[in-house]
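Comments concern the structure below.
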Amino acid sequence: MNYLRTAILLAGLTALFMGIGYLIGGQSGMVIAFLIAAAMNLFSYWNSDKMVLSMTGAHEVDARAAPDLYAMVHELAGKAGLPMPRVYIMDNPQPNAFATGRNPENAAVAVTTGLLDNLTREEVAGVVAHELAHIANRDTLIMTITATIAGAISMLAQFGMFFGGGHRENNGGFGIVTTLLMVIVAPIAAMLVQMAISRTREYSADRLGGQIVGRPDWLASALSRLEQAAHAVPNDVAERNPATAHLFIVNPLSGARMDNLFATHPATENRIAALMELSREMGHGGGVSSRRSAPTQPAPRGPWGGGGARRSGPWG
């Protein structure tokens, strides 16, 4: 059902884009809009991962630089039936993570030092499993296409202002009204569709991630801590590049600049509730642990190869 909903939303986003092209230049404008979208998506397909990793300041690590983290990703990727992705660490105090790449063979998982510093090994495993689920579901490609088309819609809407609605059948007052609606409504509509797709994919990744790691309650516990930390620890990189917010496991934006007006993620409490229901279905009881408070200061660097003290548990 989630895949069908995503397909419908993507189709709607594409139709909106081509409709704006039609309003600007009739059938020719619609064709040009389609060609622009195709070119932008082709560029994003090959380069989006490099762009995002560069924007977030992530640096690649290997088994020698971050042995515990690398081994964890390798083991969970094997459980998920995925090729080993590249592993990156971001020097960022806010606990968070994201995945990127056009397909499972060219994927990357990036985590912050704040995540390694402040979460237990079980919680880190839950987060990594969630990101691997995004790779398995090819969400990284879907979200890249979605973000590209949404951005192109905003660009086209602004472009249409210079042509007064463009399409010659729209004249006089009707043309002015059409132009205003296109400039104001179209980008908002595109943003809403983008958010709907992002929210749908997060629920799917939570469920599959919980199944990959075998303990959905670990991911639920991690989400609880990440949500608290997102409001307490600023993510300056994400604040400077808000277009990357939908890639992270939880919204990295503080909302201080009205960034949370249109949330890119489902409510964390709803995600936790769904994960705990899955945990019960899999025979694991209990609730989300609260033994740690939201992190406010980075912990000393440790054997993760990017921060964090060694934790006991099944991943040691």
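Residues being in a helix (DSSP H, G or I), under 27 Å from residue 77 (Cα atoms) and either in contact with a His (Cβ under 7 Å, 6 or more places away or on another chain) or modelled with pLDDT of 90 or more (or both) are entirely absent from segment 233-244.
The listed residues are 108, 66, and the only one of them that is of a type in the set (A, V, I, L, M), crowded, with 18+ Cβ neighbours inside 10 Å, closer than 20 Å to residue 141 by Cα and in contact (Cβ under 8 Å) with a residue 12 or more places away in the chain turns out to be 108. For segment 32-50, the tally of residues that are surrounded by 15 or more Cβ atoms within 10 Å (Cβ to Cβ) and either out of contact with any Leu (no Cβ under 8 Å at 6 or more places or on another chain) or assigned to a loop (DSSP other than H, G, I, E, B) (or both) stands at 7. In segment 297-308 there is no residue that is farther than 16 Å from residue 113 by Cα and either buried (at least 16 other Cβ atoms within 10 Å of the Cβ) or modelled with pLDDT under 95 (or both).
Just a yes or no: is a residue in segment 251-273 touching a Ser or Thr at 6+ places or on another chain (Cβ under 8 Å), at pLDDT 85 or above and farther than 17 Å from residue 95 by Cβ? Checked segment 251-273: no residue is touching a Ser or Thr at 6+ places or on another chain (Cβ under 8 Å), at pLDDT 85 or above and farther than 17 Å from residue 95 by Cβ.
Is it true that residue 204 is assigned to a helix (DSSP H, G or I) and farther than 13 Å from residue 95 by Cβ?
yes
Looking across 87, 61, 31, 73, one residue alone is closer than 30 Å to residue 157 by Cα and β-branched (Val, Ile, Thr). It is 31.
The values are calculated or read from the model by the stated rules, or taken from the named source; none is laboratory data. All values reported here derive from a predicted model rather than from experimental measurement. For neighbour counting, all protein chains shown are included, and Cβ atoms are generated from backbone atoms with ideal geometry for every residue, glycine included.
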